[in-house]
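K.L.:
Structure incoming, see below.
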Amino acid sequence: MLNRKKTDCLVIFKQNSCIFVGVQSVKNRIRKHKIAMTFRRNIQDYISAPLTHQLVSDVLAEYRRPNDKINDLVQSGFLISLRRGLYVPGPELDLPLPHSFVIANHLRGPSYVSLETALAHWGMIPERVYEINSITLKTSQVYDTAIGRFTYRHLDAPYYSFGLQRVEMGNNQFALMASPEKAVCDKIIATTGITLRSQSQTMAFLLDDLRMDDEALASLNLDNISSWIADAPKASSLQMLVNTLQRL
């Protein structure tokens, strides 16, 4: 006699030859769900940052082939792969994602959030930024992921290391980010074809092109910017920036 599960499958498929396949499919879904829920419990303490392949493999170490389990979790929507070896919880796990700035730091490191993203965060520009812009010591790169676009622009040391802040993003999450002064300088340096040669041109670039807030510009620490100029790309443009802002 058919048990209840087999009867359900018989009603759905209406062919005796499909009964076994249907039951196995249900059993597989139940088994995968149990694996996913156990996985959810085990990673809850680690979701303040993206999950590395090593960490996920350790969580799944009881399984004979953890890499296959990782692939199953990605295919089933329990994990989102950002790039090879880096993941965040998928929608099926119903867990919060790390802050996008924290993700950006981990996606390509070393790096820090800057340019329009940092300018918007500090209230320097009015626009809402939909992609996360960062500066890195590695080569420039763009990642189009299921949770958004992350862009990275290369800049060399020692200028790279100036003017960075560790900013709390909530829920015990911290991101490395350009200070307001560094974000402005990075934007000038990273904008192709811009060399600031006069104060009028500088103000037009800041206020008209970038739509920066003039009060926020007046609050910048010019001593900090001046201390970076000797080691900075576009040193003459940054000096013109300082000269211009001194008149505000």
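The values are calculated or read from the model by the stated rules, or taken from the named source; none is laboratory data. Note that this is a predicted model, so its numbers are computed, not measured. Heads up, the Cβs are rebuilt from the backbone with ideal geometry, glycines too, and the neighbour counts pull from every protein chain shown. SASA here: full protein model, heavy atoms, side chains in, ligands and nucleic acids out. Shrake-Rupley method; radii C 1.70, N 1.55, O 1.52, S 1.80 Å.
K.L.:
Can you tell me which residues in region 71-127 are over 30 Å from residue 38 (Cα atoms), small (Gly, Ala, Ser) and part of a loop (DSSP other than H, G, I, E, B)? Working first, answer last.
P.N.:
Step one: list which residues in region 71-127 are over 30 Å from residue 38 (Cα atoms), which gives 109-127.
Narrowing the set further to residues that are small (Gly, Ala, Ser) leaves 109, 111, 114, 118, 120, 123.
Matches in region 71-127: 109, 114, 123.
K.L.:
Same structure again: If a residue must be open to solvent by 50 Å² or more (accessible area, probe 1.4 Å) and either at pLDDT below 90 or closer than 15 Å to residue 37 by Cβ (or both), how many such residues does region 53-64 contain?
P.N.:
Matching residues across region 53-64 total 4.
K.L.:
Something else now. Taking region 195-240, which residues are aliphatic (A, V, I, L, M) and closer than 20 Å to residue 161 by Cα?
P.N.:
Of everything in region 195-240, those that are aliphatic (A, V, I, L, M) and closer than 20 Å to residue 161 by Cα turn out to be 220, 222, 225, 229, 230, 232, 235, 238.
K.L.:
Continuing with this model, one more query. Kindly state which helices (runs of 4 or more DSSP H) lie completely within region 160-248 and contain at least 1 residues that are among the acidic types (Asp, Glu) and open to solvent by 40 Å² or more (accessible area, probe 1.4 Å).
P.N.:
Hits in region 160-248: 214-218, 222-228.
K.L.:
Taking the stated definitions as given, is residue 168 among the charged types (D, E, K, R) and out of contact with any strand residue (DSSP E or B) (no Cβ under 9 Å at 6 or more places or on another chain)?
P.N.:
Considered against the rule, which asks whether it is among the charged types (D, E, K, R) and out of contact with any strand residue (DSSP E or B) (no Cβ under 9 Å at 6 or more places or on another chain), residue 168 comes out as no.
K.L.:
Quick one: is residue 91 modelled with pLDDT of 95 or more and surrounded by fewer than 16 Cβ atoms within 10 Å (Cβ to Cβ)?
P.N.:
no
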